[in-house]
1. Work out the charge dipole of the chain with +1 on the Cβ of Lys and Arg and -1 on the Cβ of Asp and Glu about the Cα centre, then indicate which of 101, 55, 359 is farthest towards its positive end.
2. Over the Cα atoms of region 254-382, compute the convex hull volume and normalise it per residue, giving Å³.
3. Connecting C-alpha atoms closer than 10 Å in a GNM of the chain, tell me which of 318, 11, 260 has the biggest fluctuation.
4. May I ask you to give the percent of accessible area on region 151-262 that is carbon plus sulfur, with a probe radius of 1.4 Å?
5. Going Cα to Cα from residue 297, which lysines come in below 18 Å? Please leave out same-chain ones fewer than 8 positions away.
6. DSSP loop trypsin sites (Lys or Arg not before Pro) in region 239-290 with at most 14 other Cβ atoms within 10 Å of their Cβ, which ones?
7. Using a Cα-Cα cut-off of under 19 Å, which lysines could be cross-linked to residue 376, ignoring same-chain neighbours fewer than 8 residues away?
8. Once neighbouring chains are kept in place and the probe is 1.4 Å, which whole percent of the accessible area of region 86-149 is contributed by carbon and sulfur?
Amino acid sequence: MLKKISLLGATGSIGLQTCDILLNHPEEFRLVAFSAGKNIEKTREIIQALQPELVSVQEEKDAYALKKEFPHINFTYGEQGLIEVATHPDTSILVNAVLGSVGLPSTLAAVRMGKTIAIANKETLVTAGHLVMEEAKMHHAPILPVDSEHSAIFQSLNGENPKQIRRLILTASGGAFRDKTREELKNVTVKEALNHPNWSMGAKITIDSATMMNKGLEVIEAHVLFEMPFDQIDVLLHKESIIHSMVEFQDTSIIAQLGTPDMRVPIQYALSYPDRLPLIGGKPLNLAEIGQLHFQKVDFERFRALKLAYEAGRMGGTILTAMNAANEAAVQLFLQEKIAFLEIEEIIERIMDNHDNISNPDLETILHVDKETRKKVLSMVQ
Ligand code: NDP
Ligand code: MG
């Protein structure tokens with residue numbers, strides 16, 4: 001049966017790869033509604049290639065200009081536009097590939113309609129995982145991971161009893177700076193930080209990979225998605241990014257998912273689940289060619305952001321929102337060359353140290369803490 005799709009963040013790295021999959025499988029999927037930010041050139045290309053019914057952009061003026069070009073399509077804009085795309089009445093799947101906690105209200109709105117959520121937007125699960133999962137249970141909305149590590153775990157758990165899991169092992173490439181000491185990190189540039197060894201991704205997550213906050217967010221994402229205590233979630237450095245993550249069971253068996261690093265695999269799996277489809281243009285894994293895989297223990301002093309994320313995760317409550325918002329704001333400042341690389345984690349730590357934690361927060365509280373934290377970060381650097 002044709003699956004009708006809403007896609008948030010279509011013009012981004014995950015969004016464009018999602019469009020690629022939809023174009024390659026027109027019998028399986030149809031893009032009905034999508035959102036973009038400010039990239040109007042790419043928005044136009046997606047409209048022409050996939051002919052959706054509804055498009056949302058970030059700015060009102062862009063929505064009006066596009067309406068003149070494409071009078072047969074409906075346009076909307078802003079945060080309300082994200083919600084309209086996510087809750088389009090004809091779609092059964094929401095692919096959320098928007099960047100940052102701005103994706104939270106639209107995810108909740110789609111969950112409340114019982115849609116299947118293919119989630120790349122990890123910040124939403126970090127900032128409000130308990131709300132998303134609670135509502136997902138209530139409305140029978142499946143939450144399927146797109147993040148490669150979580151997709152690997154999800155695939156490794158197929159047919160298994162979750163009660164018999166001993167631990168989840170998230171693999172981490174270590175990002176652009178995995179071989180640098182803390183001393184050497186002092187003067188790294190934005191350009192160096194954006195140079196990820198294995199994956200080509202959006203700017204924010206590439207910086208998150210360099211600080212290892214990405215792995216920290218993923219540990220929390222795994223806790224939320226698989227309901228695992230933090231003591232049973234480990235991180236293992238694996239520089240080749242071939243083993244995408246693993247599950248260890250009580251009998252010491254480990255099941256893992258492997259493949260050439262290609263985000264289209266987990267994106268497509270979330271869309272085709274429980275079936276699999278051919279990956280057009282996919283490169284099969286050739287282990288003989290690779291020869292060796294490497295593994296190393298993580299040093300929590302070297303990768304302090306990861307330690308902070310475990311701390312926030314164990315505490316729960318609004319400190320997760322504060323940590324995530326501080327990270328989003330600090331990464332943006334680093335990308336604008338307003339702060340140094342190591343200041344990202346310093347800012348996060350200061351925000352966390354001064355945070356008055358509220359447990360089990362509602363949506364309003366989360367949105368408030370998110371906004372206030374971003375303001376605090378800006379005032380810290382001024
Ligand atoms: P990109 O920066 O490449 O894309 C982000 C998308 O969100 C773009 O479509 C952008 O629009 C849109 N956007 C950004 N801010 C806003 C806003 N305020 N309002 C509306 N739209 C907005 O990010 P990625 O694709 O790399 O990442 C997206 C999400 O997926 C993140 O949560 C990331 O952590 C996660 N993820 C990404 C992976 C990857 O390989 N890239 C892997 C695993 C997870 P525009 O560009 O038009 O302005
Ligand atoms: Mg990942």
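1. 55
2. On the way: hull volume 26.6 nm³, N = 129.
Spread over its residues, the Cα hull of region 254-382 gives 206 Å³ apiece.
3. Result: 260 has the largest fluctuation of those listed.
4. Exposed carbon and sulfur together represent 47 percent of the surface.
5. 180, 215, 239, 307
6. The qualifying sites are 276.
7. Within reach: 338.
8. Details: 1070 of 1820 Å².
Carbon-and-sulfur percentage of accessible area, whole number: 59.
The values are calculated or read from the model by the stated rules, or taken from the named source; none is laboratory data. If you're wondering where the values come from, they're calculated on a predicted model, not measured in any experiment. Using ideal geometry, Cβ is built from the backbone for each residue, glycine included, and neighbour counts are taken over all protein chains shown. Note: areas computed on protein heavy atoms with side chains; ligands, DNA, RNA excluded. Shrake-Rupley method; radii C 1.70, N 1.55, O 1.52, S 1.80 Å.
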